[in-house]
1. Quick check: is even one residue across the range 117-128 over 23 Å from GLU71 (Cβ atoms), in contact (Cβ under 8 Å) with a residue 60 or more places away in the chain and assigned to a strand (DSSP E or B)?
2. Name the residue, out of GLY163, GLY157, GLY133, that is within 22 Å of MET57 (Cβ to Cβ), loosely packed, with under 14 Cβ neighbours inside 10 Å and out of contact with any Ser or Thr (no Cβ under 6 Å at 6 or more places or on another chain).
3. Pull up the range 71-104, narrow it to residues that are among the hydrophobic types (A, V, I, L, M, F, W, C) and surrounded by fewer than 20 Cβ atoms within 10 Å (Cβ to Cβ), then point me to the one that is nearest to GLN134 (Cα to Cα).
4. Across the range 48-70, what is the number of residues that are in a strand (DSSP E or B) and surrounded by 15 or more Cβ atoms within 10 Å (Cβ to Cβ)?
5. Among GLY170, GLY144, which is the only one that is modelled with pLDDT under 95, farther than 20 Å from GLY67 by Cβ and more than 24 Å from the chain's Cα centre (by Cα)?
6. For the range 100-108, indicate whether the set of residues that are without any contact (Cβ under 8 Å) to a residue 40 or more places away in the chain and either among the hydroxyl-bearing types (Ser, Thr, Tyr) or outside the structural domain of VAL49 (by TED's automatic domain parsing) (or both) is non-empty.
7. In contact with a strand residue (DSSP E or B) (Cβ under 9 Å, 6 or more places away or on another chain), among the hydroxyl-bearing types (Ser, Thr, Tyr), over 21 Å from GLU171 (Cα atoms) and modelled with pLDDT of 90 or more: does that describe SER62?
Amino acid sequence: MAALVRNEGSKTNGRIKIILKKLACICISILFMTVSAKATLVDSNSFIVVDNIEYYMQTNKSVYDLGENVEMLYRVTNLGDEDVTLGSVVSDSLAYYEFRIMQDGIQIWSYPYLSVVLGFTAFHLGPYESKEGQTIWNMMNDNGTLPTDDDFPVNPGIYDVIGELDLISGERVPVSVSIEIIPEPATILLLGLGVLLLKRRRFCPPTLSCLRWK
């Protein structure tokens, strides 16, 4: 009987070792793909040229771990040798630009800089001049409201990051780039460990304690 029990324990340990090796290979593959993606996709950018004006949008990366900050930049450049006025904006330069985050066509976050409107001014670019605005998204869904007490974290997935001039008058030219948010490597490893423990419990006979067998 003791020999039979030991034999069952040996078979169980053999199954567990096979599962462990497979899990290790899967985790290594996932980590390798994650690191490769981040090393290859340094940033995400796009631009549109309209009437000799370049509208450029960029994020500092294309692939982010869940919980990282997304740094955004929107830039407007006059490619010509003549002065250009694109329209009117509020007098506060921090309110010249608007940023939005979309998922599946639904807006989940926006950055309209709020200021006291004391007047309006022309958005002017000299020959070959550039102007730009920057902000950071903390991967929170603003729930469509300005107060932050009802914000909540987003999930992994594909998101569109959009920037544009917040013109009161004149033609707006939004530019969009896509980013991917992935789970943290530690989260992937914990999920894998959970799968391993579930499988170990499944293969462990009721009369044995698998933890006793080495």
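The values are calculated or read from the model by the stated rules, or taken from the named source; none is laboratory data. Just so you know, these numbers come straight off a predicted model, no measurement behind them. Cβ: placed from backbone, ideal geometry, glycine included. Neighbour counts: every protein chain shown.
1. There is at least one residue in the range 117-128 that is over 23 Å from GLU71 (Cβ atoms), in contact (Cβ under 8 Å) with a residue 60 or more places away in the chain and assigned to a strand (DSSP E or B).
2. On the way: GLY163 fails: loosely packed, with under 14 Cβ neighbours inside 10 Å; GLY133 fails: loosely packed, with under 14 Cβ neighbours inside 10 Å.
Just a single option satisfies the conditions, and that option is GLY157.
3. Among residues in the range 71-104 that are among the hydrophobic types (A, V, I, L, M, F, W, C) and surrounded by fewer than 20 Cβ atoms within 10 Å (Cβ to Cβ), the one nearest to GLN134 (Cα to Cα) is LEU73.
4. So the count comes out to 11.
5. Selected residue: GLY170, the only one of GLY170, GLY144 that is modelled with pLDDT under 95, farther than 20 Å from GLY67 by Cβ and more than 24 Å from the chain's Cα centre (by Cα).
6. No, every residue in the range 100-108 fails to be without any contact (Cβ under 8 Å) to a residue 40 or more places away in the chain and either among the hydroxyl-bearing types (Ser, Thr, Tyr) or outside the structural domain of VAL49 (by TED's automatic domain parsing) (or both).
7. Here the answer is yes, as SER62 does meet what is asked.
One line per residue, one yes/no per condition, for (1) of a type in the set (Val, Ile, Thr); (2) more than 18 Å from SER91 (Cα to Cα):
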residue	(1), (2)
ILE101	yes, yes
ASP104	no, yes
PRO112	no, no
PHE123	no, no
GLU129	no, yes
ASN141	no, yes
LEU146	no, yes
ASP150	no, yes
